[in-house]
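The values are calculated or read from the model by the stated rules, or taken from the named source; none is laboratory data. This one's a predicted model, so the numbers in the text were calculated from it and none came from an experiment. For neighbour counting, all protein chains shown are included, and Cβ atoms are generated from backbone atoms with ideal geometry for every residue, glycine included.
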Amino acid sequence: MIYVTRKAHFNASHRLHNPEKSDDWNKETFGKCNNPNWHGHNYQLEVTVAGEPNPETGYVIDLGKLKSIIHRKILEPCDHRNLNLEVDFLKGMIPTSENLVKAFFMELQDEVNEAAYGESGLYSVKLFETERNIAEYCPNRAV
């Protein structure tokens with residue numbers, strides 16, 4: 001199995017807030033991340049495709065195609081945006097790194113799998129909220 005990863009980055013703001021809970025609960029649970037005036041991150045995204053290379057090209061996936069899919073499906077809607085208010089596929093979600101990485105995987109999955117060679121496909125999405133805070137969604141890997 002070959003794993004091919006494309007990195008990308010974007011900047012976005014968000015607020016961690018559960019509207020079904022009290023303001024006190026939200027402040028206690030989310031701390032500074034519950035700031036009603038939002039806060040931002042310089043996110044780094046890693047998208048990994050796994051499979052066997054196409055014998056004619058040597059590619060698991062054409063990285064130019066992967067770059068284009070990531071740009072259109074994630075960067076265009078999310079870069080320099082408020083993730084709570086401006087990104088349709090994130091509506092109604094508390095935009096934690098954990099929720100974002102799963103939503104990004106789901107947003108990318110069909111097009112990445114279609115662009116990959118043969119049985120190759122989207123393996124994982126990893127999101128670096130900071131250098132030290134990282135979430136990864138890899139639904140087909142055993143725990």
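A103 falls short on exactly one of the conditions (1) of a type in the set (A, V, I, L, M); (2) assigned to a helix (DSSP H, G or I); (3) closer than 17 Å to M1 by Cα, and that condition is (3).
Going by the conditions given, is L127 modelled with pLDDT of 95 or more, surrounded by 20 or more Cβ atoms within 10 Å (Cβ to Cβ), under 17 Å from S13 (Cα atoms) and in contact with a Phe, Trp or Tyr (Cβ under 7 Å, 6 or more places away or on another chain)? Outline the logic, then answer.
Details: modelled with pLDDT of 95 or more: yes; surrounded by 20 or more Cβ atoms within 10 Å (Cβ to Cβ): yes; under 17 Å from S13 (Cα atoms): yes; in contact with a Phe, Trp or Tyr (Cβ under 7 Å, 6 or more places away or on another chain): yes.
It is true that L127 is modelled with pLDDT of 95 or more, surrounded by 20 or more Cβ atoms within 10 Å (Cβ to Cβ), under 17 Å from S13 (Cα atoms) and in contact with a Phe, Trp or Tyr (Cβ under 7 Å, 6 or more places away or on another chain).
In region 26-35, the count of residues that are loosely packed, with under 13 Cβ neighbours inside 10 Å, of a type in the set (D, E, K, R) and farther than 13 Å from N82 by Cβ is one or more. In summary, G40 fulfils each of the numbered conditions (1) in contact (Cβ under 8 Å) with a residue 12 or more places away in the chain; (2) buried (at least 16 other Cβ atoms within 10 Å of the Cβ) with the single exception of condition (2).
The single condition among (1) in contact with a Gly (Cβ under 7 Å, 6 or more places away or on another chain); (2) under 26 Å from R15 (Cβ atoms) that E76 does not meet is (1).
Residue check: Q109 meets all listed conditions (1) assigned to a loop (DSSP other than H, G, I, E, B); (2) at pLDDT 95 or above but one, namely (1). Pairs meeting the criteria (first residue in region 87-108 and of a type in the set (D, E, K, R), second residue surrounded by fewer than 16 Cβ atoms within 10 Å (Cβ to Cβ), beta carbons under 6 Å, at least 6 apart or on different chains) are E107/F89.
Among the residues here, E52 qualifies as farther than 19 Å from L127 by Cβ, of a type in the set (D, E, K, R) and touching a strand residue (DSSP E or B) at 6+ places or on another chain (Cβ under 7 Å). Tell me whether region 79-99 contains one or more residues that are assigned to a strand (DSSP E or B), farther than 19 Å from V112 by Cβ and not aromatic (F, W, Y). Checked region 79-99: at least one residue is assigned to a strand (DSSP E or B), farther than 19 Å from V112 by Cβ and not aromatic (F, W, Y).
Each residue in region 55-112 was checked for being surrounded by fewer than 17 Cβ atoms within 10 Å (Cβ to Cβ), among the small types (G, A, S) and more than 19 Å from H39 (Cα to Cα), and 3 pass.
Between R6, R15, the distinction of being over 22 Å from L85 (Cα atoms), at pLDDT 95 or above, surrounded by 13 or more Cβ atoms within 10 Å (Cβ to Cβ) and not hydroxyl-bearing (S, T, Y) belongs to R6 only.
Looking at region 113-140, which of its residues are touching a residue at least 12 places away in the same chain (Cβ under 8 Å), under 24 Å from W38 (Cα atoms), in a loop (DSSP other than H, G, I, E, B) and not hydroxyl-bearing (S, T, Y)? Answer for region 113-140, where residues must be touching a residue at least 12 places away in the same chain (Cβ under 8 Å), under 24 Å from W38 (Cα atoms), in a loop (DSSP other than H, G, I, E, B) and not hydroxyl-bearing (S, T, Y): E129, N133.
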